[in-house]
Structures are given as C-alpha cells and as structure tokens.
C-alpha cells in the first residue's frame, strides 16, 4: 500500500523570477493531483520565493531553502525530502505540458516493472526530441524515476553538468520504459542559462573534478559545433 503521493516533482530554483510563474502554472494546473511539489530555493536573491509562495502557501507542498548555488546539490536536498513513489524533475525555466502527469501515471500502470520512464520533449528551436531504446537524452527532467531505484544515489557536487553525471551513472543499470509523447518543454539556450554560458566559454572546466571533465568537455564541444535557433 503506497503511503505517499505517486509523484514528487523536484524543482531547483535560483533567481528565476522571470520564468517561475510559467513553470509553476504548468505543475499546479495539471488535472492529475496525486503529487507533491518539492521546491528548492537555492541562493535566491530575487522575487522567486514570493512567486513560489503564491502556489505553496497553506498547502502540504514542500519549500526548502539551500545555499549551494549549484542545481545538483539543490536537487539532492529535494530528493532527501521527497516521499513520492516516482520522482519528476523540472528546471526553473522549463515547464510541463498539459496532461503530462496523467499520461505518465497511465503509462506506469502499463509498465510496472521499469525503473525509469523516458518520455519525449519539446526542444526549443529543435522540434520534438524522441527517446527510444538506444537513444536516451542524458538529462533528468525528461524521465520519471522510481524513487526506490534512485535509493541513496545523489547528484555529484559539480559546478555544472551534474545532471549529465547523474544520468550517465544511473542509465546503465536502469530498466527503461518509453512513452512516445512530448510531455515537457526544454527552454534550451535561454540567455544566462548553464548551456548558454557553457557555449560562450564562461565556465572553466579545469575547476571540475577529474571524473566530471569528460562529460563537461563533450557537452561543450557539442554545443559549440551546432548552430541553434534561439
């Protein structure tokens, strides 16, 4: 018998006042309500907390405060507080599409033995990204993760690309299911975002631990090798 909600939706937030309402609306307007939102306000100095309060005040949804300045560590705080059977992640400038939670819940009823459900997503300027066996995008927000499968694993304490490090660590041992429907919008290369700053060379990969550099450098090469419609 399940005690907690079906989903815990973990959102690390850092000075995202320009985008928060769009993302919060996408969560709290879902018709499927068997979820808890776990909002992690990380080193915020803008109006992000005020906006989050509009949605979470006088509810059982969770609002946490951290001072890491790194999304991976904020996600770890969210994982520590989560009680849902399945974990969903959302970046603070992205959003879920209407009906996403219901579609995921229905698919999980069909694919009961899986650890991770990978779904398609809208990719700003690139169209719809399809995930299928042998082609899984190494991010965390385009999947539902069984919390029991994650267990005590956590995101690495890296300045950036921590989500890639987590995904590449977890993917090889996961039993995957796939849902060929776009359920999430990835606001790719938003000005000031991590991806945008990596492409512009504003991060020094030498400050990352040795095990992080291949992922970070590979991602940087990929970003710089493509012309993106932003």
Fill in: Checklist (1) within 16 Å of the chain's Cα centre (by Cα); (2) at pLDDT 95 or above; (3) part of a helix (DSSP H, G or I) applied to residue 119, failing item
(3)
Discussion item. Can you confirm whether residue 72 is in contact with a helix residue (DSSP H, G or I) (Cβ under 8 Å, 6 or more places away or on another chain), over 25 Å from residue 112 (Cβ atoms) and buried (at least 19 other Cβ atoms within 10 Å of the Cβ)?
Written reply: yes
Practice prompt. Of the numbered conditions (1) touching a helix residue (DSSP H, G or I) at 6+ places or on another chain (Cβ under 7 Å); (2) within 13 Å of residue 149 (Cα to Cα); (3) not in a helix (DSSP H, G or I), residue 92 fails exactly one; give the number of that condition.
Written response: (2)
Practice prompt. Would you check which residues across region 128-162 are in contact with a strand residue (DSSP E or B) (Cβ under 8 Å, 6 or more places away or on another chain), outside any loop (DSSP other than H, G, I, E, B) and either within 24 Å of residue 97 (Cα to Cα) or without any contact (Cβ under 8 Å) to a residue 12 or more places away in the chain (or both) and list them?
Written response: 128, 129, 132, 143, 144, 145, 146, 147
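Results for (1) outside any loop (DSSP other than H, G, I, E, B); (2) at pLDDT 90 or above; (3) surrounded by 15 or more Cβ atoms within 10 Å (Cβ to Cβ); (4) in contact with a strand residue (DSSP E or B) (Cβ under 9 Å, 6 or more places away or on another chain), shown as yes or no for each residue.
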{"site": "32", "(1), (2), (3), (4)": "no, yes, yes, yes"}
{"site": "36", "(1), (2), (3), (4)": "yes, yes, yes, yes"}
{"site": "39", "(1), (2), (3), (4)": "yes, yes, yes, yes"}
{"site": "55", "(1), (2), (3), (4)": "yes, yes, yes, yes"}
{"site": "65", "(1), (2), (3), (4)": "yes, yes, no, yes"}
Item to complete: Could you tell me which numbered condition residue 104 fails, if it satisfies all but one of (1) modelled with pLDDT of 95 or more; (2) part of a loop (DSSP other than H, G, I, E, B); (3) crowded, with 17+ Cβ neighbours inside 10 Å?
Response: (2)
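The values are calculated or read from the model by the stated rules, or taken from the named source; none is laboratory data. Quick caveat, the model's predicted, so the values are computed rather than measured. All Cβ positions, glycine included, derive from the backbone under ideal geometry; neighbour counts span all protein chains shown.
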